[in-house]
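To keep things clear, I will list the structure first and then write my remarks on it.
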Amino acid sequence: MQAIIMAGGMGSRLRPLTNEVPKPLVKIIDKPVMEYVIENLAAGGVDDIAVTVGYKGDMIMDYFADGSKWDVKLTYFEETQPLGTAGGVKNAADFIKDDFLVLSADGLSNIDVKDFCEFHRSHSQQITMAVRYMQDARGFGLVRTDERNIITSFAEKPKFLCSGLINMGIYAFDKSILDDIPDGKCDFSYDVFPRHIGDIRAYNTQCFWSDIGTLSEYYLTNHYVSIHPESFGVTF
């Protein structure tokens, strides 16, 4: 299976950390967050990876180069203007040969990539979404599922205090999804997923996940990795 890593965001909520470097290069303990993403993909057997870049994309390409240091092959797709999550994937359509994963370059997770891929292949739904329970789901994409783990509804970033399953921003797609994504700026959560209710299966996991969306979350993530280094391949 191939993968697309979305690395084009500006990371404005992490300023001043992102004034000089793009968010995917912000370090967790001793290395950029995107390095953890690549290492986890490689450990799960995914080594053919596209990277969509925008803000300070040259720094990302300079750091990771062709990916050989991590035993993967990296192909870059530059966005001259923001295309959104789905638009960025459509921009990389020529890269896709079969089923593929989509992950954020600026989210840290130790999800079992191999198991996630096998789960996707085990059912007939076009889309698989990784979800996890959050006691406080404010600011995240809240999903509801039926008894078969089919997603039945979305509530994008509720502002009221609530708990439930949230969208981790980690997906597996059949290649055919590309036919449903228009050219130009387009977002999965707002423009694609609502039209596929009933064709998205939830992969429910309690693995670690952080979108590192705020400075407080950044420091908490560093703290978590510092006390669980073995879960992220960190050595001191």
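Read the figures in this text as sums done on the coordinates, not as results from a lab. None of the values given here were measured: they were computed from a predicted structure. Please note: Cβ atoms are built from the backbone with ideal geometry, for glycine as well, and neighbour counts cover all protein chains shown.
Tabulated data
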{"quantity": "Förster radius 45 Å - calculated FRET efficiency between LYS175 and GLU147, Cβ distance, rounded to 0.05", "calculated": "0.95"}
{"quantity": "HN-Hα J in Hz across the range 88-95 - Karplus 6.51, -1.76, 1.60, θ = phi - 60°, x for Gly and Pro", "calculated": "x, 5, 4, 5, 9, 4, 5, 6"}
{"quantity": "The chain: relative contact order in percent, alpha carbon pairs under 8 Å with at least 6 residues between", "calculated": "24"}
{"quantity": "Sorted by Cβ density within 10 Å, fewest first, the residues LEU41, LEU103, LEU178", "calculated": "LEU178, LEU41, LEU103"}
{"quantity": "All-pairs alpha carbon distance profile, the chain, 10 Å steps from 0, percent", "calculated": "7, 33, 41, 18, 1"}
{"quantity": "Cα-Cα over 23 Å, subset of LYS56/LYS185; LYS31/LYS56; LYS69/LYS175; LYS27/LYS114; LYS114/LYS185; LYS27/LYS56", "calculated": "LYS69/LYS175; LYS27/LYS114; LYS114/LYS185"}
{"quantity": "Tensor-based shape of the range 114-234 (alpha-carbon gyration tensor, a/c under 1.5 rounded, otherwise prolate or oblate)", "calculated": "prolate"}
{"quantity": "Pairwise centroid distance, computed over Cα atoms, of the range 79-122 with the range 148-218, Å", "calculated": "12"}
{"quantity": "Footprinting exposure proxy for TYR36, TYR219 (fewest neighbouring C-beta atoms within 10 Å first)", "calculated": "TYR219, TYR36"}
{"quantity": "Relative contact order (%) - criterion: Cα under 8 Å, at least six apart; region: the range 105-210", "calculated": "41"}
{"quantity": "Relative contact order computed over the range 1-140 (Cα-Cα under 8 Å; 6+ residues apart), in percent", "calculated": "33"}
{"quantity": "Dipole of the chain [Lys/Arg +1, Asp/Glu -1 at C-beta], most positive-end residue of ASN222, ALA50, MET34", "calculated": "ASN222"}
{"quantity": "Exposure proxy ranking, count of Cβ atoms within 10 Å, fewest first, for GLU35, GLU147, GLU20", "calculated": "GLU147, GLU20, GLU35"}
